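Below: one structure, written as structure tokens.
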Amino acid sequence: MATIKFPGLKEYEKRLSTLGKEGKAIAEKAVYAGAAIIADAVRANINALPAVKDEWGVVAYNNNWSAPLTETAKKGLQDGFGISPMGNEDGILNVKLGFDGYNDMKTKKYPKGQPNAIIARSLESGSSIAKKRPFVAPAVRKTKKAAEETMAKIIDEEIAKIMK
């Protein structure tokens, strides 16, 4: 009967085991890095949005003109934009980019301030009183490939560290 020996098999098994234990942390690191690239592009687009003084927004509203983005609403978008904590849906790791909180423009309808998510949605999709001015979708389209490449690079580097 022939005997086959695999030198280094125990070491290889140990590395595979380590890779299995570290897999989730590696994936999380990659997902956050990819999200950060897209988030930076969205932030740049928010900063590039034209905004008017709050008084002009009130004048436009009172005269049924197209609603402009006010400085207060823009600041709310800047302050309220972020990346959510890591989510795990049936083994699929994800994060979400979005808007939280309220801006400082208090109205009768919104005594705590206007919700940043509503302002972002009205800019992205338009509304009955404002034309659409997308800033999220173009950022995602522009940076999707770079984010995917960064995520793949991080995963490859981390696997290489463990398997060397």
- Expected vector for the stretch 35-42, Karplus 3J(HN,Hα) from phi with 6.51, -1.76, 1.60 and θ = phi - 60°, integer Hz, x for Gly and Pro, equals 5, 5, 5, 5, 4, 4, 5, 5
- Whenever you get a sec, compute what percent of the accessible area on the chain sits on carbon and sulfur atoms (1.4 Å probe). 57 percent
- Would you list which aspartates and glutamates come within 20 Å of Lys75, measuring only between C-alpha atoms, while excluding same-chain residues fewer than 8 positions from it? Asp40, Asp54, Glu55, Asp100, Asp104, Glu124
- Message: Quick check on the chain: helices-only [θ] at 222 nm, where DSSP H runs of length 4 and up contribute -39,500 (n - 2.57) each and the sum goes over total residues. Nearest 500, please.
- Response: -20000 deg cm²/dmol
- When the Cα centres of the stretch 17-38 and the stretch 132-164 are compared, how far apart do they sit, in Å? 11 Å
- lysines whose Cα lies under 18 Å from that of Lys142, excluding same-chain neighbours fewer than 8 positions away: Lys96
- Query: Cross-link partners among aspartates and glutamates for Lys14, C-alpha distance below 17 Å, same-chain residues fewer than 8 apart left out?
  - Reply: Glu22, Glu158
- Determine ³J(HN,Hα), in whole Hz, for all residues of the stretch 157-164 in sequence, where each value follows from phi through the Karplus function 6.51 cos²θ - 1.76 cosθ + 1.60 and θ = phi - 60°; x replaces Gly and Pro. 5, 5, 5, 4, 4, 6, 8, 6
- Query: What are the residues whose amide H is under 5 Å from the amide H of Ala130, where those residues sit 5 or more places off or on another chain and H is modelled from the backbone?
  - Reply: Ala67
- Query: Of all the C-alpha pairs in the stretch 1-80, what % are more than 20 Å from each other?
  - Reply: 64 percent
- Could you give me the ³J(HN,Hα) list for the stretch 92-107, computed from phi with Karplus coefficients 6.51, -1.76, 1.60 and θ = phi - 60°, whole Hz, x at Gly and Pro? 9, 7, 7, 10, 10, 9, x, 10, 10, x, 10, 8, 8, 8, 7, 10
- Pairwise Cα inverse-distance average, inverted: Kirkwood Rh of the stretch 37-164 (Å): 16.6 Å
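The values are calculated or read from the model by the stated rules, or taken from the named source; none is laboratory data. These numbers come from a predicted model, not from an experiment. Ligands, DNA and RNA are stripped out before the accessible areas are found, and what is left, the full protein with its side chains, is counted by its heavy atoms. Shrake-Rupley method; radii C 1.70, N 1.55, O 1.52, S 1.80 Å.
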